[in-house]
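Have a look at the structure below, then the notes.
The values are calculated or read from the model by the stated rules, or taken from the named source; none is laboratory data. No experiment lies behind these values; they were computed from the predicted model shown. Cβ placement follows ideal geometry from the backbone for every residue including glycine, while neighbour counts extend to all protein chains displayed.
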Amino acid sequence: MLPNEIYDKLKTEFGDAVIEFDNKQPTDSFIVINTENLFDICHTLRDKNEFLFDYLMCLSGMDLGENVGVVYHLYSMTHKHKLVLKVTAPKTDPRVPSVEMIWRTADWHEREAYDLIGIQFEGHRNLIRILCPYDWEGHPLRKDYEAPEYYHDMKVSY
Amino acid sequence: MSDKKRLDLEYSQLESDRMRINVGPQHPSTHGVLRLEVEVEGEIVTEVVPHLGYLHRCFEKHCEKMTYLQVIPYIDRLDYISAMNNEWPYVMALEKLMDIKVPDKVEYIRVIMAELNRIANHQIAVATFGLDAGAFTPFLFFFRDREYIIWILEKMSGARLLYNYFRVGGLAADVYPGFKEDCLNIVKQVRKTNAEVMDLLIYNKIFIQRSANVGVLSPDVAINFACSGPVLRGSGVKFDLRKDDPYSIYDRFDFDIPVGLGEVGVVGDCWNRNMVRVNEMEQSCRIIEQAIAQMPDEGDVKALVPKRIKPPKGEVYMRAENPKGELGFYIVSNGTDKPERIKARGASFVNLSVIPEISKGYMFADLILILGSIDIVLGEVDR
Amino acid sequence: MENVNFLYDLLGKNIISVVLVISLPLMFVLVYALIAILAELKVSAWIQERLGPMRTGPWGILQPIAEVVKLIQKEDITPDKSSKLLYNLAPFIIFTGAYAAFAVIPFSEYFVPAGINLGLFYIFAVGSISAIGIVMGGWASNNKYSLMGAMRSVAQLISYEVPAAMAVLSIVVLASTMNMQEINKIQSGWFWNWFIFGGPGTIAKLWVIPFTMGLGLIYFISSLAETNRVPFDIPEGESELVAGFHTEYSGMKFAMFFFAEYANMFVVAAVLTTIFLGGWNSPFNDFMQGPIWGVFWFVSKAFSVVLVQIWIRWTLPRFRVDQLMYIGWKVLLPLSFICFMAISLYVMLK
């Protein structure tokens, strides 16, 4: 199934929760969806027979300036089709529903996005830092991040 | 004291204490600086908590500060055992973004390089898996052969391990004279050693007892955890990006996808995962032979690409079948010569996340084997 | 006890001869350990298509000396939180246990340090001392790997002593003596008089040969386990327990463990030689038979067994701890009982 067909199907099912379909890109087209409905849409995408997106290839956190974004690259092992989902949340309140219950691989990906971008995944059962030390301050992959000069009284060399 | 109370006391004394052991970051068989916090009851593992990040070097942050070509050496350092394969999805992603057609000869050389490196990677994987089980000798057999492969890669790129060989739209250098003969000799040698190791290690009774029926990963769990590569195929899922999501020129070659068949033990155990790797070496040999036969002698190894890589605004997710599994690069370009965001989806990172799931209830010694059978490289896990 | 020791004959039983008798095996152990280390290095290299050490001396034959010198020079670390007394005592106890067994090993017709009548019994008694040393070292190190290694090691030593003892006991039944010198004397003559081929006897002994051979194998397997060698090196299984019970040891104390391991290897090889392979007897009746040749035959037979141990070490993977117990209690022990019964029957019928 092509992304635009999936978009049409999702649009009929979820209505306004599916915001826009972007195929202006030279390569991958993507679907932007409403952050609040993310969990339901993902659940449908995984379990409904015509979609069966059982394989979450990649989950990336993004710093979009004003907002933070999460990009989901989905793949179906049965239908062999791909889909890119995007959600955004304001940087002041970066809360995105967790899909860790749907695809368990999202567990570590979300922890990484939390660690590096600072996105709060709601419903994640163990949202702690994964790559940085557990007591690290700040989220390094944000564009405005400043590396600290000292960590535990040790000079951070760069 | 009443009888009941005394009895309870005795039972509570019988119950053994659980011990928490740190496996790593300094440990002979964590394959790098991985730390597993293991809770054991006697010898039985009851809980595994992986702690990552000892090798974290902000790869993605670095990428945002560099031009596209400068990123390639850093990509070598993700999965430093199979650096050729790492570079491939990255340059493919950029080629896709910039809509560059790569010359035929380049594709063939890339395939040969990647498959040679796949063999080298699987040799290390099988060798260290044997080492985890206590067999030292196959380790050195494989390392001897890997040396020959590395010599070829060194002659091609100038480096033994971190090649920096792939370029957007081409390669750093053309093949050297005698390259084809070298490759065919390697293929012969790899097959010979594999036959030897089959007897010495793979079908060894003790090895089978150790690794069969251990760390069973069922196919649906594997897919849900987005495992890829030999870990997924070891569970019996016939999924290989070279066939199922073909990229480059893999559709021109005739090869099979080895899956775990449960010949010994059950499908999805350590033995089957390991066996997939051994069989994949043979398939890689087949691909190399065909590629050598089909490769055109004439031709340039560089497509017409501007010196400064400046992809148009847009984004792309490109994945390729690495020896460890699916390595994907999500590249967001903002139209300048520096990437807006690069996310590397490492196969080891995702494959490692099943460790807590599949190692509970096995022996402590099995945990090491399970870790070895997943074949992680910490450079890719921690990035 | 008569005529067991040429030194007593030569010098009379005085303090000098006693000291000499005690120190001769020690000299032997030190020289042997160096040779065994070299053999380990070289054999492993040949198995793995390497050259092995080549720099120290011609063909690297001085490598073990270099290693020992290195170990002596190294810093002797005592962990801060360890139990100091036990920690420092453990290597010596292990080495003592290994060395004490040499007291009854008959190197030749005229040389056995102490020709006591309960030689085999004594070897098993002092062999267990090393278990104490291991658990001492493992516990006192205050390290979880060491502790687990020590627990595994003791479980393993105790389990495998039973089939080993059964194997030895069967031969005791066959030989009707526990004196190792006597056992050797019984096996004199051609090599088919060795106990692995049923000992001296008429053609009727043919049916007992499979059982004695099985016992030899059982003893050999058990001895691998008792000396913590591959495939039973679980106590020091480096892939999970780093180095097992001697993780924290360094320098000379580590060298003591090292020496004890090699000494133990020789002890079990010597016992195997003595009770199964005819000890100091020449395989070919009177050919090259005699007290001096006896030393040659004994040492070369025992060293061949050691070489087989090395060969196995570099070939096989390691067992898991439950599989080890399974083999010990459910395979080797019943088999050794069956062999024991068969041999008892044979002795009764003889």
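Results, tabulated for the structure shown:
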| quantity | calculated |
| --- | --- |
| Of residues in region C:102-125 being in a helix (DSSP H, G or I) and in contact with a Phe, Trp or Tyr (Cβ under 8 Å, 6 or more places away or on another chain), the one surrounded by the most Cβ atoms within 10 Å (Cβ to Cβ) | C:VAL104 |
| Helices (runs of 4 or more DSSP H) wholly inside region C:1-89 containing at least 3 residues that are under 15 Å from C:ALA255 (Cβ atoms) | C:15-47, C:63-73 |
| Among the residues listed as A:VAL68, A:VAL84, the single one being farther than 26 Å from B:ILE223 by Cα, in contact with a strand residue (DSSP E or B) (Cβ under 9 Å, 6 or more places away or on another chain) and crowded, with 16+ Cβ neighbours inside 10 Å | A:VAL68 |
| Failed criterion for C:ARG320 (all others in (1) in contact with an Asp or Glu (Cβ under 9 Å, 6 or more places away or on another chain); (2) crowded, with 24+ Cβ neighbours inside 10 Å; (3) more than 14 Å from chain B (Cβ to nearest Cβ); (4) of a type outside the set (A, V, I, L, M) hold) | (3) |
| Condition check for B:ARG18: over 24 Å from A:LEU127 (Cα atoms) and either exposed (fewer than 15 other Cβ atoms within 10 Å of the Cβ) or at pLDDT 85 or above (or both) | yes |
| Answer residue from region B:242-282, given it is of a type in the set (Asp, Glu) and surrounded by fewer than 20 Cβ atoms within 10 Å (Cβ to Cβ) and is farthest from B:LYS96 (Cα to Cα) among those | B:GLU263 |
| Test result for C:VAL331, without any contact (Cβ under 8 Å) to a residue 24 or more places away in the chain and within 14 Å of chain B (Cβ to nearest Cβ) | yes |
| Index of the failed condition, A:ARG46 passing every other in (1) under 22 Å from B:GLY335 (Cα atoms); (2) within 14 Å of chain B (Cβ to nearest Cβ) | (1) |
| Candidate set: region B:39-94, residues that are in a loop (DSSP other than H, G, I, E, B) and of a type in the set (Gly, Ala, Ser); chosen: the one farthest from B:ARG383 (Cα to Cα) | B:GLY42 |
| Filtered residues of region B:310-338 (kept if surrounded by fewer than 23 Cβ atoms within 10 Å (Cβ to Cβ) and either part of a loop (DSSP other than H, G, I, E, B) or more than 9 Å from every other protein chain (Cβ to nearest Cβ) (or both)) | B:LYS310, B:PRO312, B:LYS313, B:ASN334, B:GLY335, B:THR336, B:ASP337, B:LYS338 |
| Listing of helices (runs of 4 or more DSSP H) fully contained in region C:209-298 that carry 2 or more residues being within 14 Å of chain B (Cβ to nearest Cβ), touching a residue at least 60 places away in the same chain (Cβ under 8 Å) and under 30 Å from B:ARG210 (Cα atoms) | C:209-226, C:238-241 |
| Residues of region B:87-133 satisfying the condition of being without any contact (Cβ under 8 Å) to a residue 24 or more places away in the chain and either in contact with a strand residue (DSSP E or B) (Cβ under 6 Å, 6 or more places away or on another chain) or at positive phi (or both) | B:ASP99 |
| Strands (runs of 3 or more DSSP E) (entirely within region A:51-158) containing at least 2 residues that are within 13 Å of chain B (Cβ to nearest Cβ) | A:55-63, A:67-75, A:82-90 |
| Looking only at region C:205-250, and only at residues there that are among the hydroxyl-bearing types (Ser, Thr, Tyr) and under 23 Å from C:ASN88 (Cα atoms), the one that is nearest to the chain's Cα centre (by Cα) | C:THR227 |
| Helices (runs of 4 or more DSSP H) wholly inside region B:136-248 that include at least 2 residues being touching a Pro at 6+ places or on another chain (Cβ under 7 Å) and away from chain A (no Cβ under 14 Å) | B:205-211 |
